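The values are calculated or read from the model by the stated rules, or taken from the named source; none is laboratory data. Predicted model only: the values in this text are computed from it and were never measured. Glycine gets a Cβ as well: all are built from the backbone with ideal geometry, and neighbour counts include every protein chain shown.
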């Protein structure tokens, strides 16, 4: 029986009995979109390849003759024999047992008949004959390349990955943690944590340096990715010899007692030469410039401009040399009193007004002054003149100079004339001029 007669007989048997061994299985999918390219040339089939159990089966002669194989059909035992370059492959229709150069091999899927054509597993036969097989799932194409032939590469468009966004921070190092491979950089009010896991390019003024060579205070520019990993670190100060410390060795001033309006405070400081210096008086004035009169000797002056009182004010001196700063306090604080006497005034009651009970007196004085208020009365009771003192009270003016007292009369005399007298003594022991107000008992 010829191969064509065998195929026709087998097709008739499959049609009568249904799908079975040696027939195209009911679950086999016609791979209309499957293309086969052998050594760069597309192969045309009158029966399209099919895919079954994940394997591509193709018509017997289409591919193998292009590979230079000689194909024979043996109708006596329904076997196929293909030979090429000393390699012999034998398959049997419907059997998963095959032979390569006489050695038995078990197939995933047997050779079979489909649509009047004998179909054989493409990969097994091709590779058994020394060809290379590649499946391209996107285009559903099988590339078969025989020995010595270059394998064609299917065209594809490769989109380049988007460039990662980078950020650059410029600031100063506030901490170096070599154990955790972390660098902490302050830019303005924000402190950034930089991860230095790989070995980014760290450059200093004299060339490449390591993370451990960075020091607190070094100026750095860091380029990092969105995950906070350093890409490059550049420092303009790392590895340099640290500058000498700025020092203040002494601070003196000329205040011997309380300073008053028009007095001039002279502050003298000795320290590192070549800097900018100023002093402040706590509670009195801000930065007063100091001039370097000779190397390392700075002098500044301040004249008390207006009346006020400040006790034990500290004098603070600041020296700045190339961005390095030192501060020091004068060993002796000063007292500033802008007036010769303590101040005192009664704000309420006003002269000639009527007061109730108790008699409430309010006023102002030098901050911290001790204020004493006395209320005297003079009037008539049953046409008889009477006079005396309602009472006396003492208080202390607050930081703003405000004070207030309340005096309860031992006896209330309607329409009596009240003489309210206030006296004050400030913290320096200076007495204010007494003040008097007359009011009427309501």
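Among the strands (runs of 3 or more DSSP E) confined to segment 250-297, the ones with at least 3 residues that are crowded, with 17+ Cβ neighbours inside 10 Å and touching a residue at least 24 places away in the same chain (Cβ under 8 Å) are located at 264-271, 276-281.
Pick from 173, 120, 185: which is in a strand (DSSP E or B), modelled with pLDDT of 80 or more and within 30 Å of residue 53 (Cα to Cα)?
Answer to the selection: 120.
The residue list 17, 85 contains one member that is at pLDDT below 55, more than 26 Å from residue 140 (Cβ to Cβ) and either loosely packed, with under 14 Cβ neighbours inside 10 Å or in contact with a helix residue (DSSP H, G or I) (Cβ under 8 Å, 6 or more places away or on another chain) (or both), which is 17.
Among the residues of segment 399-411, those that are surrounded by fewer than 16 Cβ atoms within 10 Å (Cβ to Cβ), within 60 Å of the chain's Cα centre (by Cα) and outside any strand (DSSP E or B) comprise 399, 400.
Within the set 53, 43, 100, 71, the sole residue that is buried (at least 16 other Cβ atoms within 10 Å of the Cβ) and in contact (Cβ under 8 Å) with a residue 24 or more places away in the chain turns out to be 100.
Output yes when any residue across segment 217-226 is in a loop (DSSP other than H, G, I, E, B) and on the phi > 0 side of the Ramachandran plot, and no when none is. Working first, answer last.
Of segment 217-226, the ones in a loop (DSSP other than H, G, I, E, B) are 217-218, 225-226.
Retained after the next criterion (residues that are on the phi > 0 side of the Ramachandran plot): 217.
Scanning segment 217-226 turns up at least one residue that is in a loop (DSSP other than H, G, I, E, B) and on the phi > 0 side of the Ramachandran plot.
What about residue 139, is it under 59 Å from the mean Cα position of the chain (by Cα) and either surrounded by fewer than 16 Cβ atoms within 10 Å (Cβ to Cβ) or assigned to a loop (DSSP other than H, G, I, E, B) (or both)? Criteria met by residue 139.
Exactly one residue out of 213, 227, 241, 256 is within 29 Å of residue 329 (Cα to Cα) and modelled with pLDDT under 90, and it is 256.
Among the residues of segment 412-433, those identified as touching a residue at least 12 places away in the same chain (Cβ under 8 Å), surrounded by fewer than 20 Cβ atoms within 10 Å (Cβ to Cβ) and farther than 15 Å from residue 376 by Cα are 425, 427, 428, 430, 431, 433.
Here residue 376 meets the list (1) surrounded by fewer than 13 Cβ atoms within 10 Å (Cβ to Cβ); (2) part of a strand (DSSP E or B) almost entirely, failing just condition (1).
Conditions tested, residue by residue: (1) crowded, with 20+ Cβ neighbours inside 10 Å; (2) within 30 Å of residue 390 (Cα to Cα); (3) modelled with pLDDT under 90.
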position: 306; (1), (2), (3): no, no, yes
position: 311; (1), (2), (3): no, no, yes
position: 318; (1), (2), (3): no, no, no
position: 327; (1), (2), (3): no, no, yes
position: 336; (1), (2), (3): yes, no, yes
position: 356; (1), (2), (3): no, yes, yes
position: 365; (1), (2), (3): yes, yes, yes
position: 372; (1), (2), (3): no, yes, no
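Checking the structure you have, find out if any residue of segment 379-398 is within 60 Å of the chain's Cα centre (by Cα), exposed (fewer than 15 other Cβ atoms within 10 Å of the Cβ) and not in a strand (DSSP E or B). Yes, some residue in segment 379-398 is within 60 Å of the chain's Cα centre (by Cα), exposed (fewer than 15 other Cβ atoms within 10 Å of the Cβ) and not in a strand (DSSP E or B). Residue 197 meets all of the listed conditions (1) surrounded by 14 or more Cβ atoms within 10 Å (Cβ to Cβ); (2) under 19 Å from the mean Cα position of the chain (by Cα) but one, namely (1).
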